[in-house]
Structure formats: C-alpha cells, structure tokens
1. Test Val180 against the stated conditions and say whether it is crowded, with 22+ Cβ neighbours inside 10 Å, within 26 Å of Leu262 (Cα to Cα) and more than 60 Å from the chain's Cα centre (by Cα).
2. If the Cβ limit is 7 Å and pairs must be 6+ apart or interchain, which residue in the stretch 152-164 that is modelled with pLDDT of 80 or more and surrounded by 15 or more Cβ atoms within 10 Å (Cβ to Cβ) pairs with which residue that is among the aromatic types (Phe, Trp, Tyr) and in a strand (DSSP E or B)?
3. Within the stretch 440-453, can you find the residues that are surrounded by 15 or more Cβ atoms within 10 Å (Cβ to Cβ) and in a loop (DSSP other than H, G, I, E, B)?
4. What tally of residues in the stretch 110-147 results from selecting those that are under 21 Å from Val186 (Cβ atoms), in contact with a Gly (Cβ under 9 Å, 6 or more places away or on another chain) and crowded, with 21+ Cβ neighbours inside 10 Å?
5. Only one of these conditions is not met by Phe66: (1) in contact (Cβ under 8 Å) with a residue 40 or more places away in the chain; (2) over 30 Å from Ala168 (Cα atoms); (3) out of contact with any strand residue (DSSP E or B) (no Cβ under 6 Å at 6 or more places or on another chain). Which number is it?
6. Which one is nearest to the chain's Cα centre (by Cα) among residues in the stretch 470-512 that are open to solvent by less than 50 Å² (accessible area, probe 1.4 Å) and of a type in the set (Asp, Glu)?
7. Return the residues of the stretch 540-560 that are in contact with a His (Cβ under 9 Å, 6 or more places away or on another chain) and under 20 Å from Leu461 (Cβ atoms); say none if nothing qualifies.
8. Here is a list of conditions, (1) assigned to a helix (DSSP H, G or I); (2) touching a Ser or Thr at 6+ places or on another chain (Cβ under 6 Å); (3) not acidic (Asp, Glu), and Leu125 meets all of them except one; can you say which number that is?
Amino acid sequence: MKWYHSVRLKIILGFAIVIVPIVVFLFYNNMYSIRIVREQISSNYDNLLQQYVQSTDQMLNETSLFLYRFVNDPDFTTLYAFGTTSNEYYLTKIRIMSKLTSGIGYFNVTSSIFIYSPVYKDLLLASSDDHNRQTRNITQMADALAQNGDGRWHLVQTPDGYAMVIVAQISSELIAGVLVHPDKLVAPLRNWNLGPGGEVVAMDSSHKLLSNTRISADIWGRYAEKKATQKGNYLLIDDARLSEKMLLVKADSGATGLRLMLAIPETTILRGLPFFQKAIYVTPFGVLVVLFIYFLVLQRILVGPFSALVKGMRRIGQGKLDTRLPTARKGEFAYVMAVFNDMADQIRSLKINVYEEKLRVQQAEYKHLQVQINPHFYMNSLNIVYNLAVLKDYQTLKKLALHLADYFRFTVHSNRPHITLDEELKHVANYMEIQRLRYPDNLVFEISVSDELKEAAIPPLSIQPFTENAVIHGFKNRNQPFHLYIQAHIIEHEGAREARISIRDTGVGFSAEWLEKFAGTDWRTIQDEHVGIWNVIRRLSIFTDDKASVILRNAESGAEVLIVLPLETRLEKGGEDHVQRASGG
C-alpha cells in the first residue's frame with residue numbers, strides 16, 4: 001500500500017485542513033489589529049504634537065508682540081534720560097523688571113527675557129532658569145545678539161548649548177530680547193506618556209540635534225531617509241541600534257523653524273495587545289500539542305487497531321496462517337479482531353485439508369503416470385522380440401531375454417516414488433543393450449556420471465523415455481553410425497548447486513516446427529501425443545515442486561535433452577530385489 005493511501009495520513013491532513021485556516025486567520029487578524037492600532041495611535045500622537053507646536057508657535061509669536069510693545073513704552077525710552085545714578089533710573093529699572101518678570105511668568109516656554117544697552121553695557125534679565133548663569137551667558141553674547149535685531153528667531157550657540165533668540169530694537173541705545181532653550185521647549189512633551197525608552201528631541205532644518213537625547217542622532221536622521229515613502233508625519237523605525245522598534249513623529253515649528261520629534265517604543269503603542277501577541281505566537285505550538293495528543297488518541301483507539309488488522313490480513317495473504325491479533329481491546333475492534341482470529345483458524349484448517357487432498361491427488365496422479373509409461377515400452381519390446389524371432393537370431397534373442405529380465409525386474413521396483421540416478425542409468429543401459437543387439441554395427445552409447453550424483457534421488461523412468469525416443473526418432477538412417485551420450489554432472493548456478501543430465505545423440509535432431517510446438521504447448525493438457533515426454537515432465541514437476549526444467553534443443557549434430565534438477569540429499573536404495581536374475585537360455 002502506498003504511503004499516501006494511509007488512513008493515518010488522511011486523518012492528519014483532515015485535522016490540518018481544519019486547524020491551519022484558523023491559525024492563519026488568527027495571525028492575519030492579529031497583524032491587522034496591530035496595524036490598525038499602530039496607525040490610530042500614531043495618528044493621535046501626530047495630532048497632539050501638531051497641536052502642541054501650533055500652540056507654542058502662537059505663544060512665541062505673542063512674545064514678539066510683547067517685545068515690540070516696549071518700543072513705545074516710556075519706561076524703556078526714558079531709562080537713561082536722567083543718567084544711571086539718578087533715582088529715576090532705579091525706579092524705572094524696577095518697573096521694567098516687573099514687566100519682564102510678568103512676561104516670563106506668562107510665556108512659560110521662554111527661558112529668559114532681557115533688556116540690554118550696548119552703550120551702557122547694562123543688562124536687565126528675567127529668567128525661569130538659573131539667573132546667574134543666564135546673566136553670564138547673555139552678557140557674553142550681548143554684542144552679537146545686538147546684530148540680530150531684525151525681529152526674527154535665530155539659532156545661536158550659548159555656553160550651555162543651543163538656543164533660539166529673537167531681538168527687537170527699542171532705541172539706538174537699547175534692545176529687548178527673548179531667549180528660548182530647546183530643552184525648555186520640549187520639556188512639556190517629556191511629561192507625555194511615551195513609555196519606557198520614549199524620547200523627545202528638537203532639531204534644526206538640517207537635522208542637527210538641539211536638545212539632549214539618549215538616542216543616537218543617526219536614528220533621528222533615518223526619518224528624513226524613509227519619509228518619502230510614508231504617509232502622514234510619523235514613521236516606524238527598526239534599527240539594530242535600538243532595543244525595539246520606535247515610532248517617530250515630527251512637527252515643524254513655523255515660528256522658530258525648529259523640528260520637534262517624538263520617539264515612542266512600539267510596546268507603548270501596542271500596550272493593550274501584548275497578551276494577544278503572545279497568544280498568537282503560542283497558538284501554533286498549542287495546536288501542534290493538541291494535534292499530537294489527538295494523534296496519540298487516534299493511534300490507540302483507531303489507527304493502531306486498524307493497522308494491526310491490515311498487517312494481519314497481509315500476513316494471512318502471505319501464507320502465515322499462525323497470525324493472530326490481540327483481543328484485549330474493547331469496543332468494535334475487539335469484535336472485529338475476534339472474528340479475524342476465528343476466520344484465520346478456519347482458513348488454516350481449510351488450507352491444511354486442501355493441501356492434504358492435493359497431496360493425495362498428486363500421489364495418485366504420480367502413480368498413474370508411472371504405470372502409464374510401462375505399456376508404451378512393452379509394445380516396443382514385443383516388436384523387437386518379434387523381429388528377432390522372424391530373423392531366427394536365437395543367440396541374440398537369448399541375450400535379449402536376459403536384458404529384458406533385468407529390465408522387467410526394474411519395473412517391479414518402479415512403483416517407488418524415487419530411485420537413485422545410478423539405478424535409472426543401469427536401467428537405461430539395459431535398454432540400450434537390447435537396442436544394440438538389433439544394431440550391433442551402427443549403435444553406440446556412452447554413460448558418464450559423477451560419483452557424487454550416483455545416489456541422487458530421481459523419479460523412476462525419467463531418462464529412459466528420452467533414450468527410447470532418441471533411438472526411435474533420431475536413428476532413422478540405419479546404415480549410418482548412431483551415437484548416444486548420457487552425461488550427469490553438478491554445476492554452481494546463482495549460488496545453488498544443480499544436477500544437469502544431458503541426453504545427446506548424433507541423429508537427425510528436432511525439427512524447427514516441433515521445437516516451436518514444444519515451447520508453446522501446455523504439457524498439462526497432453527493426453528496421448530508424445531505421452532512419454534510429457535509424462536516425464538509432469539512427474540519431474542511434481543517430484544521437485546515445479547523446480548525442475550527440461551530443455552529440448554538441437555546440438556551441433558543431432559538432438560539434445562537437458563534435464564536440470566535441484567540437488568537433493570542422497571538417498572539409500574529402497575525395496576527388495578524380488579525378481580531373481582535369470583540364468584541360462
């Protein structure tokens with residue numbers, strides 16, 4: 001049976017056909033859910049960041065208006081009108097500081113608001129950071145800042161890092177400015193729920209980092225590399241330098257020209273799906289375990305008993321009738337196996353009976369075939385006696401009588417199932433001596449047999465009929481010498497030893513038509529024609545269980561009959577010599 005016809009395979013395939021689509025659907029559903037959640041949350045972060053940038057831009061734009069209101073404020077225009085040592089100077093300075101402090105409290109994203117006089121080198125500062133440090137930093141940059149009084153935001157580098165500065169020219173001797181540190185700008189975003197590993201950064205238009213970050217600057221640059229193929233203001237980055245995938249969301253500030261970016265771990269985005277993610281990866285293994293358990297159960301209750309039943313039937317078909325199946329099982333298979341065992345017992349009994357009956361039939365047929373050949377020779381022998389009597393050759397007739405006595409003594413023992421090859425060849429020699437008495441000048445025969453084969457078993461009258469046919473049909477030209485050679489020897493063939501008996505003559509040989517008829521005839525149907533040949537073939541077949549073969553062919557001169565037999569154990573001669581050899585005339 002082909003493996004793809006197995007019931008076991010069909011059951012597994014059936015189960016897989018049901019389970020695999022479910023697993024595939026679960027995978028697809030999980031991937032689809034992850035994609036939708038990622039897009040929705042990414043879109044939400046994108047919207048929030050855009051709103052934050054818009055509100056921040058609005059506040060920064062208001063700081064510009066706040067600075068330009070100083071231009072017409074009398075406190076700023078008359079600050080140095082009474083000198084730097086007058087009481088009016090100090091009172092005005094207090095009022096200006098009050099205004100600057102109120103501004104720094106309102107514009108919470110700003111780091112510092114300052115008033116500076118390049119002429120008097122005078123600085124008034126309100127700062128939400130370290131006041132002394134901011135004072136020192138702005139004092140060092142004051143002259144450079146005075147050159148950027150165009151009312152636009154500029155990126156400058158301070159001793160503490162980068163900052164955005166806008167400067168307004170109040171008068172020829174006074175400027176006002178606002179300084180915003182990028183870290184201050186992104187500080188509110190750090191309070192968002194970005195999850196472990198989340199990060200916020202401010203960059204310029206060339207992706208230069210302006211704020212502190214734990215993530216490499218190259219990672220932020222990846223956004224610009226891939227953004228061309230993405231939709232929206234967000235992008236999922238998978239980089240070997242990151243511990244996990246990161247969602248990058250950006251928003252550009254129209255007021256300052258800065259770019260704010262969020263980095264959010266994917267686990268934070270998919271916070272509600274970890275269980276389902278793990279479940280979807282564990283599901284195939286769970287299915288395999290269930291399938292394995294299911295197969296073990298089926299193996300025990302269905303496939304195993306069924307396979308045992310098929311094997312038992314196959315063994316019965318091979319002739320192993322002692323095959324029995326275990327009957328300890330319960331259910332339908334217990335009944336089926338019990339019936340199988342009963343049927344095997346019945347088949348065994350029936351086959352034994354049939355075999356015994358066949359042996360009895362073969363034995364009866366064998367004895368009939370042995371008896372069948374004797375009248376055939378008797379008629380030929382009587383013709384020889386008649387011809388000698390007609391010729392009045394009494395001396396030859398006396399010799400013939402002695403050989404005939406030996407010949408008939410052999411026929412008394414021919415009812416045995418087998419004789420030795422030596423006995424058979426002595427019988428053939430008697431027959432040939434009888435024929436040579438008729439043709440003393442033209443008939444010659446030789447018998448050669450190896451000592452090892454002399455005691456080999458052979459059915460009686462297995463060689464003599466071929467010898468007789470050689471004399472009758474091959475020796476047609478009585479005026480020419482006729483030679484008959486009988487040889488028996490052992491050969492090795494395909495690892496087995498065989499006995500080969502050759503009966504070869506120098507007669508006319510077989511005709512092509514007769515050989516063709518012999519090769520194409522079912523000898524089991526022959527009843528009368530060539531009864532001697534077919535009789536021998538049938539008896540050899542029964543004797544050797546169809547292992548013997550008889551080959552008829554033409555030799556270089558004349559015909560040859562080759563008998564091939566499996567080499568059997570040597571047998572002792574059987575029976576008693578009940579007929580005494582005649583003496584005298």
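1. When the stated conditions are applied, Val180 passes them.
2. That search, which allows pairs on different chains as well, returns Leu155/Tyr162; Met164/Trp153.
3. Scanning the stretch 440-453 gives a single hit, Asn442.
4. 3
5. It is condition (2) that Phe66 fails.
6. Result: Glu498.
7. Correct list: Phe543, Ala559.
8. For Leu125, the failing item is (1).
The values are calculated or read from the model by the stated rules, or taken from the named source; none is laboratory data. For clarity, every value in this text was computed on a predicted model and none was experimentally measured. When we count neighbours, we look across all protein chains shown, and the Cβ atoms used for this are built from the backbone with ideal geometry, even at glycine. Please note that ligands, DNA and RNA were not included when accessible areas were found on the heavy atoms of the full protein model with its side chains. Shrake-Rupley method; radii C 1.70, N 1.55, O 1.52, S 1.80 Å.
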